[in-house]
1. Looking only at residues in segment 12-33 that are at pLDDT 90 or above and among the small types (Gly, Ala, Ser), which one is farthest from Gly62 (Cα to Cα)?
2. Tell me, which helices (runs of 4 or more DSSP H) wholly within segment 1-108 include 1 or more residues that are more than 30 Å from Ile201 (Cβ to Cβ)?
3. Over 19 Å from Val85 (Cβ atoms), in a helix (DSSP H, G or I) and touching a residue at least 12 places away in the same chain (Cβ under 8 Å): which single residue out of Ala221, Ala151 fits that description?
4. Looking only at segment 64-108, count every residue that is touching an Asp or Glu at 6+ places or on another chain (Cβ under 6 Å) and either at pLDDT below 95 or among the aromatic types (Phe, Trp, Tyr) (or both) and tell me the total.
5. Tell me the residue from Leu75, Leu86 that is within 15 Å of the chain's Cα centre (by Cα), closer than 30 Å to Leu189 by Cα, surrounded by 19 or more Cβ atoms within 10 Å (Cβ to Cβ) and not polar (S, T, N, Q), please.
6. Those residues that are within 22 Å of the chain's Cα centre (by Cα) and surrounded by fewer than 14 Cβ atoms within 10 Å (Cβ to Cβ), I need them from segment 176-213; list them, please.
7. Do you know which of the residues in segment 92-146 that are free of Cβ contacts under 8 Å to residues at least 40 places away in the same chain, in contact with a Pro (Cβ under 9 Å, 6 or more places away or on another chain) and over 20 Å from Ala66 (Cα atoms) is surrounded by the most Cβ atoms within 10 Å (Cβ to Cβ)?
8. Conditions first: (1) more than 20 Å from Ser94 (Cα to Cα); (2) modelled with pLDDT of 95 or more. Lys131 passes all but one, so which condition is the exception?
Amino acid sequence: MAESSREIGKSQRRDDILGAARALMREGGDPGFSMRTLAERAGVSIATPYNLFGSKQAILLGVLNADLVGYEQALSKLEADAIDVLFESQALVSQLINREPDFYRSMIAAVSRDGPEFRHMVSGPRYVLWKRLLGQATAAGLLADDIDPDAFAIATSQLMLANVLEWAKGALTLEEMEARNQYGLALSLLAVATDSSRAQIRERFREAERTLQSQWRTALAKRLRDGTLDEESREILADQIKTLHKEQEASS
């Protein structure tokens, strides 16, 4: 019984430390807190985090693994077929980020700074999850089964990761990040769609395309009004400007 009580206490202290680490990441938007600050926040001695986890990196990994568990639990509650789950998984990412943007910026910073071994420890389980979701769609006859599952999982996950990183840098709004992820995912899935899923995926593609067009034209109209569009940008965006002018004329 005494041993059981010690184990319960140890588990509680672990949870307290992980909760404190997440709170510090959320509040500071950066994983650079000290172990002393962490111990004070968790209400434990400075030695306890080292005794229970061994290193700060292990604590960060524990926080990120707990976050993944929460994400998987949310995914399991989705009432959708295997194709819609792929798209809804990206919508869920945006919802989670929207609740705690500073935590997720901090999480991305931690993964970026701590070297390839740590990145592999973080990305490995997430890759396995994404490959499993794609595999479920393939097993249901909704995606072609003659493609390399690892190559396709890597290509699509890296595409979406790039957009998340752009959001973290402040180059994209959360709304545009999600729309780009939905668009890129739909375009990739169309290449391996079966007759059973092609129309469903194409509708997702068109929906994402319309969303992106609306976002870009809203931003473009603002830049035109503000006079912040230089000549080079005008040349690059000539087709979008032409379409925008036509829409404005039609609505006037």
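The values are calculated or read from the model by the stated rules, or taken from the named source; none is laboratory data. Keep in mind that what you see is a predicted model, and the values were worked out from it rather than measured. Cβ coordinates were reconstructed from backbone atoms using ideal geometry, including for glycine residues, and neighbour counts include every protein chain displayed.
1. Ala23
2. 2-28, 35-42, 47-53, 56-76
3. Exactly one of Ala221, Ala151 is over 19 Å from Val85 (Cβ atoms), in a helix (DSSP H, G or I) and touching a residue at least 12 places away in the same chain (Cβ under 8 Å), namely Ala221.
4. The total comes to 3.
5. Leu86
6. Selection gives Arg206, Arg210.
7. Among those residues, the one meeting the criterion is Thr138.
8. Here Lys131 clears every test but (1).
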